[in-house]
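This report refers to the structure that appears directly beneath it.
The values are calculated or read from the model by the stated rules, or taken from the named source; none is laboratory data. Worth saying up front: this structure is predicted, and the values here are computed from it rather than measured. Glycine also receives a Cβ, built like all others from the backbone with ideal geometry; neighbour counts cover every protein chain displayed.
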Amino acid sequence: MIQQQVLQLLEKEAPKLVGIETREVCGMILQHNPKRAVSSGAKVDSASIAKRPCFLCKDNRPAGQGSVVWNDDFEILVNPFPILEGHLTIPLRRHEPQRLMSYLNDMADLAKALPKFILFYNGAKCGASAPDHMHFQAVYAGQTPMENGKRTPSQKRMKKFGSISELRTYIEYWQDENYEQMINLFCKYNEVEDSYTFYLFERRKHRPCIYDIGVMISPGALDMAGILVIPQLEIFKGITHGIVTRIFDEV
Ligand SMILES: [Zn+2]
């Protein structure tokens, strides 16, 4: 069983979540996580992307890093810079741009194979630090304010869908094979009811204005789900309800 293999891989390779502080502001969990500076500060313009070796391609990964192959197409890896417990990165086994539509069914199938986890997808221009290489991520289910039904500033624009056909009908209105709107998407398989829950966030902007003045906040799916990742300590300490609200009104 795939999930068992993944749990063993996590036990062997998952870094401890140390050096992380949290505090709550308006229902959201602010997380000071200095190791995420690389990801939050990543240059994702096409020129910078073209210049760096892709860290999701097998040839460029550290030797000895374990993985679990799923369905021939995807490989499940332990995320070296976790935000939450059980953080996985799930790249496609070939270098292809970050696009959801062709792999939406895989996302649902993978969520079913990993019922202890919630899967998520960061669109190329709203949270993915490898927009040139198709990948999903996952964390252990139940850790986010979103899943726990909390009302937070990031939740205002969340849409929930109970099946893949319902979701597909909705998103096919505004995207096709050549165009993808900015989205963050979660998929959870519920074993007891044999059903799915999808949480969709339609994004307006990659990063808030304050990013340009040095505030390293670069929201992806987990931030939209209520875990606001802040690599800089002084920002973590100083951020207020008003700033959090403004960030999520913007992105
Ligand atoms: Zn790649």
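Structure data summary
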read-out: Number of positions in the stretch 89-132 that are within 16 Å of the ligand (Cβ to nearest atom), modelled with pLDDT of 95 or more and touching a Cys at 6+ places or on another chain (Cβ under 7 Å); value: 1
read-out: Qualifying residue in the stretch 146-168 (condition: within 13 Å of the chain's Cα centre (by Cα), among the β-branched types (Val, Ile, Thr) and under 26 Å from CYS26 (Cα atoms)); value: no
read-out: Test result for LYS159, basic (Lys, Arg), away from the ligand (no atom under 16 Å from the Cβ) and not in a strand (DSSP E or B); value: no
read-out: First in the stretch 137-153 and aliphatic (A, V, I, L, M), second anywhere and part of a loop (DSSP other than H, G, I, E, B) and surrounded by fewer than 16 Cβ atoms within 10 Å (Cβ to Cβ), Cβ under 7 Å, 6 or more apart; value: VAL139/GLU85; ALA141/LYS116
read-out: Criterion (of a type in the set (Gly, Ala, Ser) and in contact with a Gly (Cβ under 8 Å, 6 or more places away or on another chain)) met by exactly one of GLY27, GLY64, GLY41; value: GLY27
read-out: Unmet criterion (only one of (1) touching a residue at least 40 places away in the same chain (Cβ under 8 Å); (2) over 25 Å from SER39 (Cα atoms)) for GLU193; value: (1)
read-out: Evaluation of PHE198 against (1) of a type outside the set (Asp, Glu); (2) surrounded by 15 or more Cβ atoms within 10 Å (Cβ to Cβ); (3) assigned to a loop (DSSP other than H, G, I, E, B) (one fails), failing number; value: (3)
read-out: Test: residue in the stretch 134-150 that is in a loop (DSSP other than H, G, I, E, B), within 16 Å of the ligand (Cβ to nearest atom) and on the phi < 0 side of the Ramachandran plot; value: yes
read-out: Residue match in the stretch 177-184 (condition: in contact (Cβ under 8 Å) with a residue 12 or more places away in the chain, assigned to a loop (DSSP other than H, G, I, E, B) and either crowded, with 16+ Cβ neighbours inside 10 Å or at positive phi (or both)); value: yes
read-out: Residues of the stretch 115-133 satisfying the condition of being in a strand (DSSP E or B) and more than 12 Å from PRO219 (Cα to Cα); value: PHE117, ILE118, LEU119, PHE120, TYR121
read-out: Enumeration of residues in the stretch 17-73 that are buried (at least 16 other Cβ atoms within 10 Å of the Cβ), away from the ligand (no atom under 16 Å from the Cβ) and over 24 Å from PHE248 (Cβ atoms); value: VAL68, TRP70
read-out: Checking GLY19 against (1) under 17 Å from ILE90 (Cβ atoms); (2) at pLDDT below 95, the condition it does not meet; value: (1)
read-out: Residue among LEU77, LEU114, LEU17 that alone is closer than 16 Å to LEU228 by Cα and of a type in the set (A, V, I, L, M); value: LEU17
read-out: Close pairs from the stretch 49-65: first in a helix (DSSP H, G or I), partner exposed (fewer than 10 other Cβ atoms within 10 Å of the Cβ), Cβ under 6 Å, at least 6 apart; value: ASN60/PRO53
read-out: Test: residue in the stretch 202-222 that is in a helix (DSSP H, G or I) and modelled with pLDDT of 95 or more; value: yes
